[in-house]
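What follows is a set of notes on a single structure, which appears directly below.
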Amino acid sequence: MKTKIYRVKGRFALGEEIQIFTKELKAVNEKDIYERIYAEFGSKHRIKKNLVKIEEVKEISKEEILDPLIKAIA
């Protein structure tokens, strides 16, 4: 299966504050992106899924990649 690059934008509650995030990830499909975001924030910040709000998932081209790690493996 061919992988695609996605840019994910959203926000999560960290205590009393709302944090905005933008991440670029490589995945086979959009469903995998949701699970990876929930898993990453759960493991790094101990946040439950219901506190993470994914607002936008957009497939991007190789030219649009901003993250140097993703750009290196794309």
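Please indicate, with yes or no, whether at least one residue in the range 42-49 is surrounded by fewer than 16 Cβ atoms within 10 Å (Cβ to Cβ), among the hydrophobic types (A, V, I, L, M, F, W, C) and more than 12 Å from the chain's Cα centre (by Cα).
Of all residues in the range 42-49, those surrounded by fewer than 16 Cβ atoms within 10 Å (Cβ to Cβ) come to 42-46, 48-49.
Now drop any that are not among the hydrophobic types (A, V, I, L, M, F, W, C), which leaves none.
No, the range 42-49 contains no residue that is surrounded by fewer than 16 Cβ atoms within 10 Å (Cβ to Cβ), among the hydrophobic types (A, V, I, L, M, F, W, C) and more than 12 Å from the chain's Cα centre (by Cα).
Kindly check whether there is at least one residue in the range 9-31 that is touching a helix residue (DSSP H, G or I) at 6+ places or on another chain (Cβ under 6 Å), of a type in the set (Gly, Ala, Ser), surrounded by 11 or more Cβ atoms within 10 Å (Cβ to Cβ) and in a loop (DSSP other than H, G, I, E, B).
no
Those residues that are part of a helix (DSSP H, G or I), in contact (Cβ under 8 Å) with a residue 40 or more places away in the chain and surrounded by 13 or more Cβ atoms within 10 Å (Cβ to Cβ), I need them from the range 51-74; list them, please.
Here is the first cut: in the range 51-74, the ones part of a helix (DSSP H, G or I) are 51, 62-64, 68-73.
If we keep only those that are in contact (Cβ under 8 Å) with a residue 40 or more places away in the chain as well, we get 62, 64, 70, 73.
If the condition is that a residue be part of a helix (DSSP H, G or I), in contact (Cβ under 8 Å) with a residue 40 or more places away in the chain and surrounded by 13 or more Cβ atoms within 10 Å (Cβ to Cβ), then 70 is the only one that fits.
Every residue in the range 11-35 that is among the charged types (D, E, K, R) and farther than 21 Å from residue 73 by Cβ, please. It would help to see each step written out before you state the result.
Residues of the range 11-35 that are among the charged types (D, E, K, R), as a first pass: 11, 16-17, 23-24, 26, 30-32, 35.
Within the range 11-35, 11, 16, 17 qualify.
Whether any residue in the range 60-68 is at negative phi and under 11 Å from the mean Cα position of the chain (by Cα) is what I want to check. It would help to see each step written out before you state the result.
Residues of the range 60-68 that are at negative phi, as a first pass: 60-68.
Going one step further and asking which of them are under 11 Å from the mean Cα position of the chain (by Cα), we end up with none.
Scanning the range 60-68, I find no residue that is at negative phi and under 11 Å from the mean Cα position of the chain (by Cα), so the answer is no.
Answer yes if at least one residue in the range 18-40 is over 14 Å from the mean Cα position of the chain (by Cα) and in contact (Cβ under 8 Å) with a residue 40 or more places away in the chain, and no otherwise.
no
Rule-based calculations on the coordinates, nothing more; no lab input. Keep in mind that this is a model prediction, so the values were computed, not measured. Backbone-built Cβ (ideal geometry, glycine too); neighbour counts: all protein chains shown.
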